[in-house]
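See structure below.
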Amino acid sequence: MSADPPPRFISPHAEGEFYWTSGADGVLRLQRCGDCRRYIHPPGPVCPYCHSRALSPEPVAGTGTIATFTINRKEWIPGFEPPYVFALVEIDEDPTIRLGTNIVGCEVDDVEIGMRVEVEFEANGEWHVPLFHPLPVERSEE
Ligand SMILES: [Zn+2]
């Protein structure tokens, strides 16, 4: 494993390393409880719902909805050019799961709460950082 953290590293810790690496095959994975089947994020050693330790990463669709976001216009991280969007994305499998991530692939001023997004991965050595880009707007049935 590379010792260099990726520039977008957000909240790494031991149990969650898979979250930052398993996207090498283009699939987002979240920790899931083998007993109560709930998703858990950030990952931990024990299920917060049923206290099971039968936890493992499982693939999810990689689609979700922006719950909230902020536009960062200052260079807090050297080499990471502003402006960029930090967002919390609710995953489709469980909207109580909110992933802290960056929104890419559009102008920062076009990002909206409720926007539908899809995962992509920014490779940095062995790390594959999950980022999200907007999905095409679906025609509603209004
Ligand atoms: Zn559980």
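The values are calculated or read from the model by the stated rules, or taken from the named source; none is laboratory data. What you are looking at is a predicted structure, and each value in this text was computed from that prediction instead of being measured. For neighbour counting, all protein chains shown are included, and Cβ atoms are generated from backbone atoms with ideal geometry for every residue, glycine included.
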> Among all residue pairs at least 6 apart or on different chains, which show Cβ distances below 9 Å where the first residue, located in the range 80-97, is of a type in the set (S, T, N, Q) and the second is modelled with pLDDT of 95 or more?
Replying inline: 96/38; 96/39; 96/90
>> Looking at the range 87-129 only, could you name the residues that are surrounded by 14 or more Cβ atoms within 10 Å (Cβ to Cβ), of a type in the set (A, V, I, L, M, F, W, C) and in contact with a helix residue (DSSP H, G or I) (Cβ under 8 Å, 6 or more places away or on another chain)?
In response: 119, 121, 127, 129
>> Going through 75, 81, 118, 112 one at a time, which residue ends up being part of a strand (DSSP E or B) and either more than 16 Å from the ligand (Cβ to nearest atom) or touching a strand residue (DSSP E or B) at 6+ places or on another chain (Cβ under 7 Å) (or both)?
In response: 118
> Within the range 39-72, can you find the residues that are within 16 Å of the ligand (Cβ to nearest atom), of a type in the set (A, V, I, L, M), assigned to a loop (DSSP other than H, G, I, E, B) and surrounded by 17 or more Cβ atoms within 10 Å (Cβ to Cβ)?
Replying inline: none
